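Presented below is the structure to which this report refers.
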Amino acid sequence: MTDRESIGVIGVGWVGLVTAACLAELGHEVWARDIVSDKIDSLSRGEVPIHEPGLPELVAKNESRLNFTTDMAPVLEHTELLFVCVDTPPTYSGDADLSRVEAVIAELGDSSDHALVMKSTVPVGTGRAIQRRRDALGYVSNPEFLQEGSAVEDFMKPDRVVIGADDGWATFADRVQTLYAPLNAPVVRTDVASAEMIKLASNAFLATKISFINEIANVSEELGADVSEVARGMGLDGRIGPRFLRAGVGFGGSCFPKDVQALKQLAGNTGYHFQLLTAVVEVNELQKRRTIGKLQKHLGSLVGKDIALLGVAFKPNTDDIREATSLVLSGRLAGEGASVRVYDPVAAAKADGMLAGAQICDSVLEAVEDADAAVLVTEWPEFAELDWAEVKRRMRVPLIVDGRNFLDRDALVAAGFTYEGIGR
Ligand code: UDX
């Protein structure tokens with residue numbers, strides 16, 4: 001039998017909503033609070049304001065256990081464990097902006113009945129600093145490892161659950177662990193600072209893996225190797241593993257760029273220069289721009305050229321455009337004098353005004369009409385199913401830059417396209 005808890009979720013963004021819906025699915029009563037009233041109004045009507053597979057169904061199914069509110073009072077009245085899921089965006093200096101976390105703490109007054117369960121990604125040391133100031137408030141670190149597009153499944157079938165608690169708060173940590181017990185996942189019980197570091201180090205490592213394979217791709221292009229083959233051969237080594245070895249136009253999203261920067265900055269604040277992460281960021285920035293060179297190789301100057309970008313989201317199955325390569329590319333292409341048309345099945349509207357004047361199209365065929373090249377930026381499944389003969393008829397120059405090595409190269413070449421991948 002599940003021990004039923006009444007749980008607070010503070011901040012109903014993407015992490016908060018997935019957490020709230022999944023905890024409700026596990027049988028708990030959830031009080032989810034956000035300060036944005038439009039969001040709470042939509043959720044109270046059963047409308048899910050973000051694109052995340054399976055989430056609308058989960059929210060609908062657990063409607064009776066999900067209470068959405070803008071008011072902190074009922075949350076504090078009904079719950080003791082408060083899952084903090086507010087934004088911690090980077091500041092200009094690269095440090096994390098903790099003002100939203102601080103606002104939550106301020107609202108708790110001098111409560112000694114509640115525990116913060118920190119899901120938001122915070123700098124290593126944040127938990128200890130909060131505990132020093134607020135020693136009556138319970139504190140547990142429980143970082144999230146959810147990937148957009150598969151967040152519900154990641155929550156329900158995690159590789160591991162990390163729970164950090166310092167002396168005195170083992171009881172709250174036990175209660176958090178009990179919540180996850182039905183998932184049968186390995187649990188890492190540790191101290192708060194180590195839990196905070198596990199989160200940052202995991203994302204920084206995955207980002208490093210991507211920048212590494214992107215550099216292997218760039219060198220493979222020069223030396224005549226195919227990075228897909230190289231990654232396949234490397235990935236079968238159990239010590240390396242096959243995941244996050246897909247070369248492409250660089251990583252984006254709300255986590256990797258921010259977390260790599262945050263860890264680099266944290267190290268820097270202690271006087272340690274984290275050289276590897278400096279390179280990871282630099283390689284990624286260059287990778288986002290390399291497509292320009294590939295286009296110039298075939299088209300010469302890009303002045304007056306029409307370029308179609310297929311995909312705006314930072315990856316498929318999400319409408320998230322944060323740190324997306326499409327934003328950088330459209331700006332660079334405009335800077336080179338090209339006209340840009342973009343298509344994305346879900347994210348284009350969100351990017352309106354952020355794509356350097358690019359024209360947003362309703363279909364791939366509209367985007368490629370009279371284009372001098374098409375660049376695949378996001379590997380949306382529907383791009384693999386396109387009628388390429390028709391695409392070729394529409395384009396002025398049948399040039400495809402496949403920024404994710406996602407398309408069938410041989411089929412495209414057979415259909416008369418000039419194909420450029422990444423590292424092949
Ligand atoms: C990531 C982490 O995976 C997750 O654990 C964390 O909690 C939040 O950040 P997410 O941002 O949703 O999740 O994206 P992810 O699927 O990890 O991809 C990040 C970026 O890396 C994307 O732009 C993706 O296109 C790129 N990527 C990923 C590659 O370029 N190559 C790969 O092999 C894998």
- Can you name every residue in the range 49-73 that is among the polar types (S, T, N, Q) and either open to solvent by 70 Å² or more (accessible area, probe 1.4 Å) or in contact with a Leu (Cβ under 7 Å, 6 or more places away or on another chain) (or both)? SER64
- Quick one: is GLY353 more than 24 Å from LEU223 (Cα to Cα) and either modelled with pLDDT of 95 or more or not β-branched (Val, Ile, Thr) (or both)? yes
- Query: Which is open to solvent by 10 Å² or more (accessible area, probe 1.4 Å), out of contact with any Ser or Thr (no Cβ under 6 Å at 6 or more places or on another chain) and over 22 Å from HIS51 (Cα atoms), of TYR343, TYR419?
  - Reply: TYR419
- Message: Just to be sure before I move on: is ILE216 touching a residue at least 12 places away in the same chain (Cβ under 8 Å), within 14 Å of the ligand (Cβ to nearest atom), open to solvent by 40 Å² or more (accessible area, probe 1.4 Å) and under 30 Å from TYR419 (Cβ atoms) in the structure I sent?
- Response: yes
- Query: Any residue at all in the range 330-339 that is open to solvent by 20 Å² or more (accessible area, probe 1.4 Å), over 27 Å from VAL283 (Cβ atoms), out of contact with any Ser or Thr (no Cβ under 8 Å at 6 or more places or on another chain) and assigned to a loop (DSSP other than H, G, I, E, B)?
  - Reply: no
- Out of the residues in the range 5-43 that are of a type in the set (D, E, K, R) and part of a strand (DSSP E or B), state the one that is most open to solvent (accessible area, probe 1.4 Å). GLU29
- Scan the range 89-110 for residues that are outside any strand (DSSP E or B) and touching a residue at least 40 places away in the same chain (Cβ under 8 Å) and report the count. 6
- Which number in (1) without any contact (Cβ under 8 Å) to a residue 24 or more places away in the chain; (2) open to solvent by less than 70 Å² (accessible area, probe 1.4 Å); (3) part of a helix (DSSP H, G or I) marks the one condition that GLY46 misses? (3)
- Name every residue in the range 130-185 that is within 16 Å of the ligand (Cβ to nearest atom), in a helix (DSSP H, G or I), open to solvent by 40 Å² or more (accessible area, probe 1.4 Å) and free of Cβ contacts under 8 Å to residues at least 24 places away in the same chain, in order of residue number. none
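The values are calculated or read from the model by the stated rules, or taken from the named source; none is laboratory data. Just so you know, these numbers come straight off a predicted model, no measurement behind them. Methodologically, a virtual Cβ is constructed for each residue, glycine included, from the backbone with ideal geometry; neighbour enumeration extends over all protein chains shown. Just the protein is used for accessible areas: all its heavy atoms, side chains included, with ligands, DNA and RNA removed. Shrake-Rupley method; radii C 1.70, N 1.55, O 1.52, S 1.80 Å.
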